[in-house]
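What follows is a set of notes on a single structure, which appears directly below.
Rule-based calculations on the coordinates, nothing more; no lab input. Just so it is clear, the structure is predicted and the values come from calculations on it, not from any experiment. Ideal geometry is used to build each Cβ from the backbone, glycine not excepted, and the neighbour counts take in all protein chains shown.
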Amino acid sequence: MKKFRTSRTFPAIFALSACEGPQSAFDAAGAEAARVLTLFWVMLIGAVAIWAVVVAIGYYATKTRPGQHSEKAGLRLIIWGGCVFPTVVLAMLLFWGLRMMPDLRPPGDGPTIAVSGERFWWRVAYGVEGEPGVVRNLPIGGVPSANEIWIPLGKRTEILLGSPDVIHSFWVPPLAGKMDAIPGRVNRLILEPTEVGVFNGACAEFCGTAHAQMGFRVVVVPETEFTEYVRAQAQPAAVPESEGLDLFIRNGCAACHAIRGTPPDGVVGPDLTHLASRRTIGAGIVPTTVENIADFVASPDHFKPGIEMPAFGMLPKDEIAQIAAWLGSLE
Ligand code: CUA
């Protein structure tokens, strides 16, 4: 894997961040996204048809001579074309839209997952029965993770959204519409995927310098695989003792990051217990490789301008390499 410490960093990051998974509302793979897509096409085709008729009437009007048509004919056009037709069309659209609204936010019948938008990453907690708790302002505890959300196929997963800092917006275009993550309140979004796959999500509300680098992945799998995944994520770290862990603690990483099963229990930054099981690091920025972890630790600002994590580039290279190798082993 290529190093990311050069001035070519940003184009490389954009190229990489675009290469996995669909991120288009036109590739609907969820119930809500499909409804929104239908609404979009009906509105677009209807608007184009009406526009064509209006232009045709306008063109015809330029070809008529004064007195060619009676005043009555003009009045008929205004009443039927200008009043009745728009009233009927708009009423039908309103009725259809209102009918659709309850379907857009149905009750969940799957797991509940808390997602907290934080500058500039996503805190994730899978709800687990018998394990209540609080994730920031969200009334749910359970199994912590970050920047990658697994959900079961065909179930209506309830996403509880909040934020401790500024307003973010949670958006997975192929699955559902946007929903804001607002400090001080809990918003609710239902994801009902109809296809398995990996989908790209993004923060859709400007929240600071690294807003554009605040992505995430949604992984849709069959329900049994989902249950297995959450069970695995609930386990403590795979390699609880190593030189890398000692260096992690000695250099202060534990002040912000937790690795369950080891002494580090910081809550400011992402939980790193199963870091290597995630597809990306830095909230969807680059693939999870030991080289990328080392580069990120040395210079996080190169990946995400404005990130709160300090740079550790002053550490000896072999110490960073050992920390990265250990983090890269935490599957
Ligand atoms: Cu978070 Cu934009």
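Details
- From phi via Karplus (6.51, -1.76, 1.60), per-residue ³J(HN,Hα) for the range 110-122 in Hz, x at Gly/Pro: x, x, 10, 10, 8, 10, 10, x, 9, 5, 9, 7, 10
- Straight-line reach from Lys304: taking Cα to Cα under 17 Å and skipping same-chain neighbours fewer than 8 places apart, the aspartates and glutamates in range are Glu118, Glu205, Glu291, Asp295.
- Amide H contacts under 5 Å for Ile149: Arg217, Val218, Val219, restricted to partners 5 or more places along the chain or on a different chain, H placed in the peptide plane at 1.01 Å from N.
- About the Cα centre, charge dipole magnitude for the range 172-222 (Lys/Arg +1, Asp/Glu -1 at Cβ), debye: 120
- The Cα atoms of the range 23-169 cover 81, 29, 26 Å along the three principal axes, with the biggest extent listed first.
- Taking amide H positions as modeled 1.01 Å from N, with prolines and chain starts lacking one, the residues under 5 Å from Ala238 and 5 or more places away or on another chain are Glu331.
- In the chain, the DSSP beta bridges split such that about 75 percent are antiparallel, to the nearest 5.
- Taking one quarter of the surface of the convex hull spanned by the alpha-carbon atoms of the chain gives a direction-averaged projected area of 21.6 nm².
- Taking amide H as placed 1.01 Å from N in the peptide plane, the amide H of Ala176 sits under 5 Å from that of Ala33, each at least 5 places away or on another chain.
- Helix-only arithmetic for the chain: the sum of -39500 (n - 2.57) across DSSP H runs with n ≥ 4, divided by the residue total, places the mean residue ellipticity at 222 nm at -10500 deg cm²/dmol.
- Karplus 3J(HN,Hα) series, Hz, for the range 186-191 with 6.51 cos²θ - 1.76 cosθ + 1.60 (x for Gly, Pro): 10, 9, 10, 9, 9, 10
- Debye, to nearest 20: dipole size of the chain, +1 on Lys, Arg Cβ, -1 on Asp, Glu Cβ: 1660
- The range 150-271 shape via C-alpha gyration tensor axes, a/c threshold 1.5: oblate
- ³J(HN,Hα) computed for each position of the range 86-97 - Karplus, 6.51 cos²θ - 1.76 cosθ + 1.60, integer Hz, glycine/proline x: x, 4, 5, 4, 5, 5, 5, 4, 4, 4, 4, x
- Just so you know, the Rg over Rh for the range 141-217 is 0.95, from Cα atoms, with Rh as the Kirkwood radius.
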